[in-house]
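Notes follow once the structure below has been shown.
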Amino acid sequence: MKTERMISGRKLALVLTTFAMALTGTGCGDECADDFDCRDQGAPPEGQRYACVEQRCELTPIPVPDAGTGGDAGTQTDAGTTVDAGTDAGTSTDAGTQTDAGTDAGTQTDAGTDAGTQTDAGTTVDAGTDAGTETDAGTEPDAGTDAGTEPDAGPVDPCLSATYDPKLGTLHLAAEFVAGESAALPAAAGPVGVTPGPAYSLFTVVSGGSSGPHALYSLGTWPQVSLGTAPLYDVAAPGDRAPSAMLFLNGFVESDGQRVLTGYTKSGTGYPGSLAVYDSVTPASSTYVPAPSNFTAGVVPGAFLINGGGLDTVSAGLAIYALRTDTTPFTSLKVGTLPSITGGSGFTAVATNGVAMLGYFSDDTFTNVGHAVAPAKIDAALRTGSPFIVADEPALDVGSNFVAAAGQGTGVAVLRGDYVPPNYNFAGTDVSRFAFTVTNEGGAVTVGSRQPVLTYVNQCTRVTGMTAIGADLLVSLDDKNGPRLVRIQQVQ
């Protein structure tokens, strides 16, 4: 998976933000099927990483990876792990290692010895001897030694002295937007999903790690956020609940107002996986749908769009699939074709005007790419079963890699940034919005220019997830003041 999964709490650790599982690969080994299976080997030595070599986890030198090999927001190592300027200063040879003036003075034959060798007038200790026995300047602790033994300022974390806004931390909000309500995000919470409204119910996935348990929970009604006392639904399908089962939860929770959708994948050929569909109105109608390589999802009228490798009995490789919920039973079909340069699944986000940003990881540019698909084309594909071609639709001029996307009013927001050496952890630069204008009775869409929303001043506050809340953007932030949700609204 050459993308990063977003909106997660600390315990889910964004199977999302250093999540690097290539869903186009094939896995069938006993110890590992891909590099992601080796993540439990512990911290590797500097300059090395664990890689899956002939189905065994082995240490290999860190290559210069493509921009898309990062994992999801919560697992990202925060700014504290970056080598700061203080550390560099501390490793430089300090002034104390230079031959100092004191040492030079002490090795010279001093004036006292010369005077003492003269035959003096009596037994009185002459001035020459006295001068020679005095401790000379060379034996005094010199400035160089003192400077070298003092603890240097390297380990000081600049984020400790940074100025934090109560809601946005160190992030800068563009003048066209305002920070609305905020709420603390429970530490156990994973990815967050929101119902269409007007009362916004929140849901999340709580996970005990790759071996589980994994369950869907209520997070209350915005902005009164609190974790439910009991799980609503087991995310794992019955056949995947064994203690030895290792599930890789995906970073999406989507709701059409009645149903709540989330999913996971496993190691193995084709990366088998499943979608959990919880019916909040009739819980007994909740179900599971096989979905290999499922990665992201979005909601359109009457259906969930799935960016993955198949859905139920429909299998056509990496593509855009739809789970139609307006039929009984649900209907699965392929609705969008991805280009031949697709090297991995991408992101999905739907605007309030029905435009869907559908993406993929490009093997040409080694970045995530997104295209805006008009609502009438999505509706036609749902009705006829004839897929649209994603790459034929207008592309978003992101200008960099991006690792998250969410609807924001009549447009979408993306989290821009890239993977930075030497550890290739993701470093965000900004959250930017692209407005969509729909024309030709819903059959065409124009993509506006990039509009910054939140800008990183440093890496002290991180965006760990994004989702839509009505016409606004709900961002998950984390810094020294803890995880929280903040509603970003456009100034009217």
Revision key, fill the gap. For residue 179, the net charge from surrounding residues (Cβ-Cβ under 9 Å; K, R +1; D, E -1) works out to 0
Point to revise | Label zone at residue 492 (point 7 Å along Cα-to-Cβ), backbone N below 19 Å, the range 334-370 | key: 352-353
Exercise for review: May I ask you to give the solvent-accessible area per residue for the range 241-320, in square angstrom, as obtained with a 1.4 angstrom probe?
Suggested key: 32 Å²
Exercise for review: Grab the beta carbon distance between residue 328 and residue 376, set R0 = 35 Å, and tell me the FRET efficiency rounded to 0.05.
Suggested key: 0.85
Point to revise | the range 193-323 - percent of accessible surface contributed by carbon and sulfur, probe 1.4 Å | key: 56 percent
**Study point:** With every protein chain in place, the range 353-410: carbon and sulfur % of accessible area (1.4 Å)
**Key:** 52 percent
Point to revise | Anisotropy class of the range 299-351 from Cα gyration tensor, a/c 1.5 cut | key: oblate
Point to revise | Mean projected area (nm²) of the alpha-carbon convex hull when the range 402-481 is viewed from all directions | key: 6.4 nm²
**Study point:** Inter-label distance for residue 184 and residue 287, nm, one decimal - labels placed 7 Å from Cα along Cα-to-Cβ
**Key:** 4.1 nm
Practice item. Using all C-alpha to C-alpha distances in the range 344-472, build P(r) with 5 Å bins and read off the rounded percent in each one. Key: 2, 11, 20, 23, 18, 13, 7, 3, 2, 0
Exercise for review: Could you give me the radius of gyration and the Dmax of the range 247-349, taking only the C-alpha atoms into account and expressing both in angstrom?
Suggested key: 12.7, 42
Point to revise | Spacing of the two label points (7 Å from each Cα toward its C-beta) at residue 395 and residue 211, in nm | key: 4.5 nm
Point to revise | Net +/- balance of residues flanking residue 278 in space, Cβ distance below 10 Å, scoring K and R +1, D and E -1 | key: -1
Check your understanding: What is the spin-label model distance, in nm, from residue 242 to residue 156 if the labels are put 7 Å beyond Cα along the C-beta direction?
Key -> 5.6 nm
Check your understanding: With every protein chain in place, what's the accessible area of residue 57 (1.4 Å probe, Å², nearest 10)?
Key -> 20 Å²
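The values are calculated or read from the model by the stated rules, or taken from the named source; none is laboratory data. Bear in mind that the values here come from a model prediction, so they are computed numbers and not experimental data. So basically every Cβ, Gly included, is an ideal-geometry build from the backbone, and we count neighbours across all protein chains shown. Please note that ligands, DNA and RNA were not included when accessible areas were found on the heavy atoms of the full protein model with its side chains. Shrake-Rupley method; radii C 1.70, N 1.55, O 1.52, S 1.80 Å.
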